[in-house]
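Some notes on the structure that comes next.
The values are calculated or read from the model by the stated rules, or taken from the named source; none is laboratory data. Please read all numbers here as calculations on a predicted model, not as lab measurements. Virtual Cβ from ideal backbone geometry, glycine too; neighbours counted across all protein chains shown. SASA here: full protein model, heavy atoms, side chains in, ligands and nucleic acids out. Shrake-Rupley method; radii C 1.70, N 1.55, O 1.52, S 1.80 Å.
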Amino acid sequence: MKIAQRDGLAWITLAALDEQGAEAGFDPDLRVALHNALELVLNDKALRGIVLRGGAMGWPCAPDPLSDYAHDPSAPDLGALCAALAGARMPVLACLKGRIQGGALAVSQAASLRIATEDTCFCAPEFTLGALPAAGGLVRLARRQGGAAALHLIAPPGQLDSERALALGLCEMVLPEITPAQAIAALDTLIAEGGGSADAALDDPAAYFAALEVPKADLIRGPLASVAQRAAEVVEAAVLLPLEEALDFEAVAFDDLSATPLAKALRHARAAEVAAAHLPGQSADHTSPPQRRIGLWDQPAAFAGALLAAGHEVVFGASQAKHIQTAFSAIARAQEISVQKGALDPDQREADWARLGAATDPAGLADCALIIAQAGVVGLPDAGLCVLESRDHLDPPERGIALTREGDVVELVAGPDCSRATVHDLAMVLRQGGAHLVLGGSGAAGIVEHLRLSLITASGRTLLAGASRDQIDHAFAQAGFVKSPLRLIETLGAPALNARRAKAGLAPDLLLMAMETADLALYQSKDSEPDWLDTLRREAGIVARKLSASEIMARVLAEMANSGAWLLQHAQAHRASDIDLAAIRALGWPRALGGVMFGADQAGLVAMRKRLRALHEEGASAPVTLWDVLIRNGKHFGDLDGR
């Protein structure tokens, strides 16, 4: 943080990065520095105003938005700093640029006036993490502009551009850039005119509550209904209670919500995505890789479009020529949509399009610095790095890299002699293409494949144990899954699943083998259970018993966590959070559950191991050694990641 005095004003600059160059948000060090600066400034009678602004990288923005509100005995709380700003004897101008969220949002709402640049965006990620903006961020906005504005801010996607923010009253002015002269002029006007009321919305309570009806109804219908209800209560308290009591009400709501299992799970899911921004053992790197000529063969069109947008030259090829035309059309449509939304300049679109080439033969990828192609393609030319994508077997060459892709999750496996720099460079390119990266290890199947097979067989074992097909489907729907794993058996087919289990080195599964052998179906009848299930249970010596929805999910979680533990133990996964990321983004594991390994930590490793031992008697894999090691040392899976 820097402080300077000029033209009778105190200019306080809040840096977005800490001394190590990492994003830190309003951490204890920054809060102490801001507290000291305010004490100095507010006691200086020669000053007539304060200008708060961000540094060259914008305002402080923490990777974990909730950390801005953390209580630390060594530093003042963010709420106390905002109260000092709101009660300052002189006007406070907030010059906003970049991403305004968390502490930056709270500080800006405590100021007397807010000016934003055109590229500023206002965000409230706290809601999607099961909490609310705090430290007065919600209450002060509601009292000045109305509770409806506060609810519109937090409503998904929780991000507003400067134009929308201006309309809602999050700022009073938007400029292309904010020069010192403009800041001084704005502050002088504020001093001369006295500024607007911080409680302007309280003048008409009836209109305040009437305006709340629609955004409140929309928000409470969503998946975070309990959080939305608490948000509505906070903005109602903003008009019903005196300011100090309303701020206390907001603080209690934040503390209550952030301590819930839902918030912990959502926060972990976000942390897993943040961790994936760098590979294990590497620090976060915000630099961009050099632009280059990249050859793609049988790759997604969206991947090619994202690489073009990042400034690379892309040569797109496909085994079937019609797929090239389809991909080019998809890229053009995506660019046109971006132009219509104002996110892409038409001239830039033309420049991007000029860097896109086509190859009808692998030889057309010649002179590419990087080639990414499906395994098995014949005739690929030499390149600085050639990366082969495979679903079944991740076995890279000694100096090369293999990858597997499941949606936007890309798993990388480096050969034993491949340099870390090469892996790091490829990772940056893939992230530019929209991928979430996980680092795997050589083997017959990747992280997602192991988890998928575990999910399916665990669900099938629960069916054999006595749960009905409909009970399992309902349990998964209730937990937030879009599709039941039993439906995957129908979609993928028992023969294919048995083949995939064999390729992955997994033992045969009773249910899947029986379904393949006798050509059985789980959903032949929509209204009744398959009549062959009881016969299969009797032949296997299984005594069916009733299982609750929570028991169904606990069994599945245990088996999937054991699969994740096996991956970690055999170095086919390097972070527990990567397993959670893969489960959420590739398999549809609900974010509200936090992930597989997170779920095991929350349930308790001893209880999980006990359950796995019981499931082993039913044919599941025995708990791997890693469970014993962690339990013996009083650790959890999260400890493997340094959490």
If we keep only residues of segment 83-112 that are over 16 Å from ALA33 (Cα atoms), assigned to a helix (DSSP H, G or I) and touching a helix residue (DSSP H, G or I) at 6+ places or on another chain (Cβ under 6 Å), then the residue most open to solvent (accessible area, probe 1.4 Å) is ALA86
Looking at segment 569-583, which of its residues are open to solvent by less than 30 Å² (accessible area, probe 1.4 Å) and either touching a helix residue (DSSP H, G or I) at 6+ places or on another chain (Cβ under 6 Å) or part of a loop (DSSP other than H, G, I, E, B) (or both)? GLN572, ALA573, ARG575, ALA576, SER577, ILE579, ASP580, LEU581, ALA582, ALA583
Out of segment 208-228, which residues are open to solvent by less than 70 Å² (accessible area, probe 1.4 Å) and either free of Cβ contacts under 8 Å to residues at least 24 places away in the same chain or farther than 30 Å from MET173 by Cβ (or both)? ALA210, ALA217, ILE220, GLY222, LEU224, ALA225, VAL227, ALA228
Kindly check whether there is at least one residue in segment 542-554 that is out of contact with any helix residue (DSSP H, G or I) (no Cβ under 7 Å at 6 or more places or on another chain), more than 22 Å from GLY480 (Cα to Cα), open to solvent by 50 Å² or more (accessible area, probe 1.4 Å) and among the hydroxyl-bearing types (Ser, Thr, Tyr). no
Which of the residues belonging to segment 166-193 are modelled with pLDDT of 90 or more, under 28 Å from ARG48 (Cα atoms) and assigned to a helix (DSSP H, G or I)? LEU166, PRO180, ALA181, GLN182, ALA183, ILE184, ALA185
Which condition does LEU66 not pass, out of (1) farther than 23 Å from ALA167 by Cα; (2) open to solvent by 10 Å² or more (accessible area, probe 1.4 Å), if it passes all the others? (2)
Got a sec? Which helices (runs of 4 or more DSSP H) wholly within segment 414-496 have at least 1 residues that are open to solvent by 20 Å² or more (accessible area, probe 1.4 Å) and of a type in the set (A, V, I, L, M)? 420-432, 469-479, 485-492
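Kindly indicate whether ALA80 is open to solvent by 50 Å² or more (accessible area, probe 1.4 Å) and part of a helix (DSSP H, G or I).
Values: open to solvent by 50 Å² or more (accessible area, probe 1.4 Å): yes; part of a helix (DSSP H, G or I): yes.
Judged against the criteria, ALA80 is a match.
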Has segment 161-170 got any residue that is of a type in the set (Lys, Arg), within 24 Å of the chain's Cα centre (by Cα) and at negative phi? yes
